[in-house]
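Step one of this worksheet: look at the structure below.
The values are calculated or read from the model by the stated rules, or taken from the named source; none is laboratory data. Nothing here was measured: the structure is a model prediction, and the numbers come from that model. Cβ sites come from the backbone with ideal geometry, for glycine too, and all protein chains shown count toward neighbours.
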Amino acid sequence: MDFIIFGIIAYLLGSIPTAVWMGKMRYNLDIREHGSKNAGATNTFRILGRKAGTIVLIVDVLKGVIAAILPFLLNSYTWSNDHLIHLKIVAGILVVLGHIFPIFASFKGGKGVATSLGVILGIHPPAALICIVLFLIVFIVFNYVSLGAIVASIAFPLLVHFAFGNSNVPLMVFSIVLSTAVIILHHQNIKRLFAGNENKMNLFKK
């Protein structure tokens, strides 16, 4: 029952379409009809500006964090308990699926990168923090959000397994699946990167 309950909560939490609601309520537009047509933080930054993009980014990350740590907060398990880790993994998968296929926005959401970041922050904070640093380095140097996300997603399973010596098989599988999903969802970005026409974003430019 724990897996069902936390799974449903996580999916509904992920289904909160932050970018869509922000665009419609504050700017009277559907973010999915502009720019990259993606209902995520990056497209929100490009179309609605830094303030709206920052709000969407924070909320989308928090969705992942809350979904991942809720089983820990509402149960008496220790942080490293295998059953708890498995609960967090299931919740993490479903919150990301909720973000990508939100029931509250006709199942048309974002790519799940920010929410995935929140999930790994809730499941494995040390590896997540290193991934954030890697993302920022790549983003600042090359000005490609997609490239930063791809590099960070590849690094996550490597860090979990090799740097932190994880022995939990479901966690290892989850980290690989999550990394693969992020890469697959960025397949168009990868094509544009190789073609040299991927959209850039300057972090420090107003």
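Quick look at the values:
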read-out: Qualifying residue in segment 188-206 (condition: under 30 Å from Ile85 (Cα atoms) and surrounded by 16 or more Cβ atoms within 10 Å (Cβ to Cβ)); value: no
read-out: Residue ID - nearest to Gly35 (Cα to Cα), chosen from residues in segment 84-125 that are out of contact with any helix residue (DSSP H, G or I) (no Cβ under 8 Å at 6 or more places or on another chain) and not aromatic (Phe, Trp, Tyr); value: Ser106
read-out: Residues located in segment 141-154, provided they are closer than 20 Å to Val61 by Cα and surrounded by fewer than 19 Cβ atoms within 10 Å (Cβ to Cβ); value: Val151, Ile154
read-out: Matching residues, segment 83-123, being in contact with a Gly (Cβ under 7 Å, 6 or more places away or on another chain), among the aliphatic types (A, V, I, L, M) and free of Cβ contacts under 8 Å to residues at least 60 places away in the same chain; value: Leu117, Val119, Ile123
read-out: Top-ranked residue in segment 78-103 [being modelled with pLDDT under 95, surrounded by 16 or more Cβ atoms within 10 Å (Cβ to Cβ) and not hydrophobic (A, V, I, L, M, F, W, C); ranked as farthest from Ile8 (Cα to Cα)]; value: His86
read-out: Some residue of segment 138-145 being under 12 Å from the mean Cα position of the chain (by Cα), hydroxyl-bearing (Ser, Thr, Tyr) and closer than 23 Å to Asn189 by Cα; value: no
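Every residue, every condition in (1) acidic (Asp, Glu); (2) more than 18 Å from the chain's Cα centre (by Cα), yes or no:
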residue: Asp2; (1), (2): yes, yes
residue: Leu13; (1), (2): no, no
residue: Tyr27; (1), (2): no, yes
residue: Ala67; (1), (2): no, no
residue: His99; (1), (2): no, no
residue: Val113; (1), (2): no, no
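Quick grid of which residues meet (1) more than 18 Å from Ile66 (Cβ to Cβ); (2) of a type in the set (Gly, Ala, Ser); (3) in a loop (DSSP other than H, G, I, E, B); (4) touching a residue at least 24 places away in the same chain (Cβ under 8 Å):
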site	(1), (2), (3), (4)
Gly7	no, yes, no, yes
Val20	yes, no, no, yes
Gly23	yes, yes, no, yes
Arg26	yes, no, no, yes
Thr42	yes, no, no, yes
Ile47	yes, no, no, yes
